[in-house]
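The values are calculated or read from the model by the stated rules, or taken from the named source; none is laboratory data. Small disclaimer: the values here were computed from a predicted structure and weren't measured. Virtual Cβ from ideal backbone geometry, glycine too; neighbours counted across all protein chains shown.
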Amino acid sequence: MEPVKFSKEKVVLDTSLFVNPDVRNDFGDTPTKALEGFLFLAAQIPTLDFYMPSSIFKELLNFIEPEKITGDLLTILHQKSPNKHELFFPSVLLYELVEETRERVNKGLRAAEKAVRGVQKKDEKEIIQELRRQYREALREGIIDSKEDVDLILLAKELNALLVTADQGLIKWAEKFGIRWLLPNKFKDYLLSTIKKAKSAEVTL
């Protein structure tokens with residue numbers, strides 16, 4: 001009897017799935033345990049291929065204890081950098097990025113001006129904390145702000161893959177690129193459902 005052949009779907013993973021304590025608990029309470037929990041389920045799914053950009057994988061290694069991973073990490077989680085020289089995207093997205101960056105810089109300046117005006121009214125430590133919060137909110141939240149973020153978007157686009165991330169900036173730009181995305185708190189259910197479908201297909205055959 002010939003082996004069953006499946007049409008494989010590709011999934012690109014962000015490190016937030018394993019390192020963010022707010023989202024990883026479905027798989028484990030530490031980055032190492034979360035990764036191990038994922039590998040246990042992923043090994044049961046012949047219909048999915050899992051990818052992570054090389055830059056993101058290197059980032060992940062800073063949070064886990066590789067010697068404690070019993071699952072087949074390198075076989076299950078493929079490392080691949082996006083083909084940066086052959087990917088194309090609409091130029092209008094560049095205009096949108098520039099415009100958004102300009103607006104965020106202006107918000108950051110207004111936050112700094114507000115902090116300066118309050119120097120005589122508040123404690124210095126309180127002013128700095130508030131300025132940091134407002135500045136971070138203005139310039140970093142909801143935007144792709146690193147090469148690793150760009151790698152995730154480009155790889156998901158190149159592979160026509162499902163992107164799993166909790167980063168609102170990545171989700172926003174995934175929408176712009178027409179990339180399918182999934183929040184990490186739904187990912188375990190997605191894997192379990194896929195395992196169930198794969199087993200049902202085997203029984204049917």
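Values as computed for the structure displayed
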{"quantity": "Selection from segment 60-106 of residues that are modelled with pLDDT of 75 or more, more than 18 Å from residue 154 (Cβ to Cβ) and charged (D, E, K, R)", "calculated": "65, 67, 68, 72, 99, 100, 102, 103"}
{"quantity": "Total residues in segment 43-71, condition in a strand (DSSP E or B) and farther than 18 Å from residue 19 by Cβ", "calculated": "2"}
{"quantity": "Segment 23-32, residues that are farther than 15 Å from residue 171 by Cβ and assigned to a loop (DSSP other than H, G, I, E, B)", "calculated": "27, 28, 29, 30"}
{"quantity": "Out of 143, 171, 179, 153, sole residue that is at pLDDT below 75, of a type in the set (A, V, I, L, M, F, W, C) and surrounded by 16 or more Cβ atoms within 10 Å (Cβ to Cβ)", "calculated": "143"}
{"quantity": "Only one of 84, 80, 107, 68 that is touching a residue at least 12 places away in the same chain (Cβ under 8 Å) and outside the structural domain of residue 186 (by TED's automatic domain parsing)", "calculated": "107"}
{"quantity": "Among (1) loosely packed, with under 15 Cβ neighbours inside 10 Å; (2) farther than 19 Å from residue 151 by Cα; (3) in contact (Cβ under 8 Å) with a residue 40 or more places away in the chain, the one test that residue 75 misses", "calculated": "(3)"}
